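Trainee: Have a look at this one before I ask anything.
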Amino acid sequence: MRCLLPTIACCLILSGCERAPEASQQMDNYLERVGRVLDASWTQFDSKSLSQYRLPSRRERLLPVAEQRIGMLELLVESRRCQTLQQSVSQRNSSLGKVMPWSHRLAADGELIQALDDCIEVLQEDPSRKALLADLQTIATTKREELPAVFWNALNAASEFEYYLRFAPSPLPVSSATLTDQAAIDALHSLTAIGQALPGELPPPRVELQSHFQALQRSQRSSELIHSLARLTDMLEQVTAMLDSERAQKLCPLGKPTQRSQILLNVFVTFYAGEIQPYLAQVQRLGQPWQQSLSKLAQVQAIPAETEHYLHALVGVEDSLWERYQQQLSAHSTAWQDVLGQCQLRPGQPGWNNRATDA
């Protein structure tokens, strides 16, 4: 037992000293550098704040859909004339059919409606089957009307969709390579197109639907992007407040560069332009199609209120995570221009040009 204690202690120390992701280090370093020059305090990002971007519970996002009322069709439909419909109904009434996931049910409902349409077409030639024909037409109409709700239940009950929209414990990595999330973005476009086409067009087969959900499951970028947007917004807001402070505005009282302003300029060039801006560009490149895709998805008919509210909180045009980030980007750029400009250190001004000449 005594031999184990040092080992356990060593493991605890190592786990406590685990290095933060490079992107987090860069953001904290940038905050520290600006704060040191301007004698301003700053706070580390509170990862608990990410909980506000957690999906509502699955129960709150599911829409009510009427229970199946097709059990008697097996007794009503002649198998020799509507075999496909008989098979479809039998599968739906099986033990597995009654517990199929919503994503499978979306495809199955499309197959059932197609089978109903085919059977209706056959029975229209038989005057003696008018009553059955009317029942089948009523069921087909009801099933079509339910398709938008089934579509949203298929998304909201899918673990792949939930996985895609979770928030990751770390931000997007700092990478010289081009990060991509194109497969997931294409899947979102396809799912949106399917939802928009309903109920006029029937949903695709299960295999096609599953390929779209699997693409969302394989994506790491969306969850990391949510973390990055929240953390960057917090960082930009804090640095902008420092640059807008009274101390920063009095950095060059005579309108000429001072020693402290020159140090701040070095922070701007080395840490903001050298490290933060490339990362911001990467986030923008990945975030733009992500925001557009989720915004289009949120416009699909019959979206549950909780899902709509959640997507608007992420990518909406007002007070969303994406919009606050865009606002802070703009405010941050303006703050730097103002501070450097009053010291004649903005690009194109004498202080900047002299620095470039010296370099």
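The values are calculated or read from the model by the stated rules, or taken from the named source; none is laboratory data. Nothing here was measured: the structure is a model prediction, and the numbers come from that model. Here Cβ is always computed from backbone atoms with ideal geometry, including for glycine, and neighbour counts include all displayed protein chains.
Trainee: So which residues in segment 161-184 are of a type in the set (Ser, Thr, Tyr) and closer than 13 Å to residue 224 by Cβ, if there are any at all?
Mentor: Matches in segment 161-184: 163, 164, 170, 175, 180.
Trainee: Look through 129, 166 and report the one residue that is out of contact with any Lys or Arg (no Cβ under 6 Å at 6 or more places or on another chain), in a loop (DSSP other than H, G, I, E, B) and either crowded, with 22+ Cβ neighbours inside 10 Å or not acidic (Asp, Glu) (or both).
Mentor: Exactly one residue qualifies, and that residue is 166.
Trainee: Also, quick follow-up: Go through segment 115-131 and report how many residues are touching a residue at least 40 places away in the same chain (Cβ under 8 Å) and either under 43 Å from the mean Cα position of the chain (by Cα) or closer than 18 Å to residue 90 by Cα (or both).
Mentor: 1
Trainee: Still on this structure, please answer the following. Test residue 197 against the stated conditions and say whether it is more than 24 Å from residue 284 (Cβ to Cβ), of a type in the set (A, V, I, L, M) and in contact (Cβ under 8 Å) with a residue 60 or more places away in the chain.
Mentor: No.
Trainee: Would you say residue 138 is among the hydroxyl-bearing types (Ser, Thr, Tyr), assigned to a helix (DSSP H, G or I) and surrounded by 16 or more Cβ atoms within 10 Å (Cβ to Cβ)?
Mentor: When the stated conditions are applied, residue 138 does not pass them.
Trainee: Right, another one. Would you confirm, using the coordinates I've provided, whether residue 355 is farther than 27 Å from residue 196 by Cα and modelled with pLDDT of 95 or more?
Mentor: It is false that residue 355 is farther than 27 Å from residue 196 by Cα and modelled with pLDDT of 95 or more.
Trainee: Hey, another quick one. Go through segment 191-215 and give me each residue that's small (Gly, Ala, Ser) and crowded, with 16+ Cβ neighbours inside 10 Å.
Mentor: Residues satisfying the conditions are 195, 215.
Here's the yes/no breakdown for (1) exposed (fewer than 14 other Cβ atoms within 10 Å of the Cβ); (2) under 30 Å from residue 55 (Cα atoms); (3) without any contact (Cβ under 8 Å) to a residue 12 or more places away in the chain:
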residue	(1), (2), (3)
242	no, no, no
250	yes, no, yes
276	no, yes, no
294	no, yes, no
326	no, yes, yes
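Trainee: Being at pLDDT below 75 and of a type in the set (S, T, N, Q) is the filter here, so list the residues in segment 73-94 that pass it.
Mentor: If the condition is that a residue be at pLDDT below 75 and of a type in the set (S, T, N, Q), then 79 is the only one that fits.
Trainee: Touching a His at 6+ places or on another chain (Cβ under 7 Å) and at pLDDT 75 or above - does that describe any residue in segment 50-57?
Mentor: yes
Trainee: Continuing with the same structure: Quick one: residue 190 ticks every box in (1) under 18 Å from residue 303 (Cβ atoms); (2) in contact with a Lys or Arg (Cβ under 7 Å, 6 or more places away or on another chain); (3) of a type in the set (Ser, Thr, Tyr) except a single one, so which number is it?
Mentor: For residue 190, the exception is condition (2).
Trainee: Same structure again: Please work out if residue 60 is surrounded by 13 or more Cβ atoms within 10 Å (Cβ to Cβ) and either part of a helix (DSSP H, G or I) or modelled with pLDDT of 95 or more (or both).
Mentor: Yes: the conditions hold for residue 60.
Trainee: Something else: For residue 218, only one of the following conditions fails: (1) surrounded by 20 or more Cβ atoms within 10 Å (Cβ to Cβ); (2) free of Cβ contacts under 8 Å to residues at least 40 places away in the same chain; (3) among the charged types (D, E, K, R). What is its number?
Mentor: It fails just one condition, (1).
Trainee: A further question on this structure: Among the listed residues 292, 284, which satisfies the condition of being part of a helix (DSSP H, G or I), closer than 19 Å to residue 22 by Cα, at pLDDT 95 or above and not hydrophobic (A, V, I, L, M, F, W, C)?
Mentor: One residue alone meets the criteria, 284.
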